[in-house]
Amino acid sequence: ILSKAENLIAQRKESIRLLDKFLKSTFLEMFGDPLRNEKGWKKVACNSLFDMKLGKMLSAKNYTGESVMPYLRNVNVKWGEIDLTDIKEMDFSEKEKELYSLKAGDILVCEGGEVGKTAILKSDLNGYCFQNALHRLRIKDNNKINAYYFYWVMFLCVKRGMISKHTIAATIAHFTMEKFKKLNICVPPFHLQTQFAHIVSKTEALKSQYQQSLQELENLYG
């Protein structure tokens, strides 16, 4: 019984890995390599596509305990998801709560740490703000750029070293707002981006089922 359970666990992990590989190959087939742009898509600077905001500066004076709120750091941003298991707090005024708010559709990109690591907020994060280790991007025109398309552009650009070329490194690498705003990315026709987003949505739903099944199998094995 344990042997069968082990085999099923291995199969689920492989299925999840193959789904990620499928999305990567689908993106490359539809849009080509975003670094080489062999399909000749128009390139647009990020500040033309997004309202971009860097989070609040972290400092001792920003923690008096008077108006404390939880905030996200770069460790809370995983590829494709937000991890709320380790959350810190600091002061945010009423004005800052609005300025550094987080809502569904926002894209968070790491300014430090693994620079360029990206996640899309699937729902509003009421009561949370973010610090200056993160960039928050909000799409200006919903008929020009799709968040899921942009996520995969960032994923491939980070993994292939393009973002690291735009970082400023003293002791720790930083992907500054100035550099980010000037970053040019390929923007294919929006209907193609939407088509890809539908594929991502269906694949992620399937992946979620597999992950739930994997958890149940691991519990059963235990």
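The values are calculated or read from the model by the stated rules, or taken from the named source; none is laboratory data. Everything numeric here is computed off the predicted structure, so don't read it as measured data. Positions of Cβ are backbone-derived with ideal geometry, glycine not excepted, and every protein chain shown enters the neighbour counts. SASA here: full protein model, heavy atoms, side chains in, ligands and nucleic acids out. Shrake-Rupley method; radii C 1.70, N 1.55, O 1.52, S 1.80 Å.
Between Thr176 and Asp51, the simple label model (points 7 Å from Cα in the Cβ direction) yields a spacing of 2.5 nm.
Each of Glu204 and Thr167 was given a label point 7 Å from its Cα along the Cα-to-Cβ line. The distance between the two points is 2.5 nm. The Lys42 and Tyr221 beta-carbon pair, evaluated with R₀ = 45 Å, returns a calculated FRET efficiency of approximately 0.30.
Run the quick spin-label model on Gln195 and Ser123: label points 7 Å from Cα toward the beta carbon, then report their separation in nm to one decimal. So the two model labels end up 3.3 nm from each other. Taking each residue as 0.36 nm, the span from Leu35 to Ala104 lengthens on full extension beyond its C-alpha to C-alpha distance by 22.0 nm. Placing Lys39, Lys61 in order of accessible area, with the largest value first and a 1.4 Å probe, yields Lys61, Lys39. Across the accessible surface of the stretch 28-162, with the other protein chains kept in place and a 1.4 Å probe, carbon and sulfur atoms take up 46 percent. Heavy-atom accessible surface of the stretch 69-120, averaged per residue, reaches 43 Å², computed with a 1.4 Å probe. What you get for the chain, charging only the Cβ of Lys and Arg (+1) and of Asp and Glu (-1), is a dipole of about 840 debye around the Cα centre.
Placing a label point 7 Å from the Cα of Glu81 along the Cα-to-Cβ direction, the residues of the stretch 109-125 whose backbone N falls under 15 Å from that point are 118-123.
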